[in-house]
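Presented below is the structure to which this report refers.
Please treat every number below as a calculation from the coordinates, not as lab data. Only a predicted model underlies this, so the values are computations on that prediction, with no experimental measurement involved. Cβ atoms come from the backbone with ideal geometry, glycine included; neighbour counts cover every protein chain shown.
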Amino acid sequence: MSMLSKLLFLICLVYPTNAHAGEGRFTLIPKGAPVPFEATCFDTEATAKLLTWKEFLKEEERKQCDFEKRNISLDYDLVIENIQITLDETKVRYQIEIDTRDKELEELRDIIKKNKKLNIPVVVATSVAVGFGIGFGTYHFASK
Amino acid sequence: METLLSILGKYWKEIAIACLLFAVSFLWWQDHKSLVNAYDASVESYEVRIKELKESYKRETERKEEALEEYKEKVEALEDEYSEYRNSIVEIKAERVNELVRLRQENPQQLISEIEENFHFEYVE
């Protein structure tokens, strides 16, 4: 036996799992074969896989469920955060509208207040009276 | 002085009309000024409003983009975590399969027990 063959044989002994690297096999055994009933026969690999599948099924499902739950939770968090941002900024915009309108109204009130101080009919009447007064006064003094 | 008085006496009507015109012009000017001021106040108010509204919309967009980026990072981290788990579980399962294969050869009775325990199957000799 060559050195290489010995080495390969040794590797196979050290790592026996390599010998079971297949996908697993099974066969259907009819009634009357050397088993007491109609059967489905799984080889060791397939049986080990079935057992492993069963053992980890619950944990895997739980983990997947947790993942989906957290994913959905993140989706809803984003939706809620967006709504909150819209709400905050709508409040800010509302306040801006109110403040600027208040300021505008204040300025308009000031303008109206200033205008109210000047009563045009009174001013016209006063001007006419003053004009007549000056005229008559001057005429009176000039006549003297 | 007397000359001035005589002029005033002679032209008092014209002077009165001039004073009246001046007063009316002054008032008209003031009224116009008020209207211009009101218009300016409105324009200024609109400008301030538009500027602040623009800032608000910009801020809203920025905050939403930031939230979206944060969401993407979180989703990516979650997917990485899950993917890591999937990879690790594949390895663990492979190890377990090997272990069961060895068990079949080394301790078949225990394998039978495990099958019975997991699937509640009855073992038949």
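Every listed requirement among (1) more than 8 Å from chain B (Cβ to nearest Cβ); (2) surrounded by 14 or more Cβ atoms within 10 Å (Cβ to Cβ); (3) of a type in the set (G, A, S) is met by A:G32 save one, (2).
In this structure, does B:S88 turn out to be surrounded by 12 or more Cβ atoms within 10 Å (Cβ to Cβ), in a helix (DSSP H, G or I), more than 10 Å from chain A (Cβ to nearest Cβ) and without any contact (Cβ under 8 Å) to a residue 40 or more places away in the chain? So B:S88 does not fit the description; no. Checked against the criterion of being free of Cβ contacts under 8 Å to residues at least 12 places away in the same chain, loosely packed, with under 13 Cβ neighbours inside 10 Å and not in a helix (DSSP H, G or I), the candidates B:E122, B:E47 yield just one match: B:E122.
The residue that is surrounded by the fewest Cβ atoms within 10 Å (Cβ to Cβ), among those in segment A:125-144 that are more than 12 Å from B:A16 (Cβ to Cβ) and at the interface with chain B (Cβ under 7 Å from one of its Cβ atoms), is A:F141.
For segment B:91-115, residues that are within 60 Å of the chain's Cα centre (by Cα) and either more than 10 Å from chain A (Cβ to nearest Cβ) or among the charged types (D, E, K, R) (or both) total 6. When only residues in segment A:53-71 that are of a type in the set (A, V, I, L, M, F, W, C) and within 24 Å of B:I115 (Cα to Cα) count, which is surrounded by the fewest Cβ atoms within 10 Å (Cβ to Cβ)? My answer is A:L57. Is it the case that some residue within segment B:53-63 is closer than 24 Å to A:D88 by Cβ, of a type in the set (S, T, N, Q), more than 9 Å from chain A (Cβ to nearest Cβ) and part of a helix (DSSP H, G or I)? Looking for residues that are closer than 24 Å to A:D88 by Cβ, of a type in the set (S, T, N, Q), more than 9 Å from chain A (Cβ to nearest Cβ) and part of a helix (DSSP H, G or I), one finds at least one in segment B:53-63, hence yes.
Is at least one residue of segment A:96-118 closer than 24 Å to B:S34 by Cβ, within 7 Å of chain B (Cβ to nearest Cβ) and touching a Lys or Arg at 6+ places or on another chain (Cβ under 6 Å)? Within segment A:96-118, one or more residues are closer than 24 Å to B:S34 by Cβ, within 7 Å of chain B (Cβ to nearest Cβ) and touching a Lys or Arg at 6+ places or on another chain (Cβ under 6 Å). A:D43 meets all of the listed conditions (1) facing another protein chain (nearest Cβ under 9 Å); (2) surrounded by 15 or more Cβ atoms within 10 Å (Cβ to Cβ); (3) touching a Phe, Trp or Tyr at 6+ places or on another chain (Cβ under 9 Å) but one, namely (1).
Return the residues of segment A:78-95 that are surrounded by 15 or more Cβ atoms within 10 Å (Cβ to Cβ) and either more than 7 Å from every other protein chain (Cβ to nearest Cβ) or among the β-branched types (V, I, T) (or both); say none if nothing qualifies. Across segment A:78-95, the qualifying residues are A:I85, A:V92.
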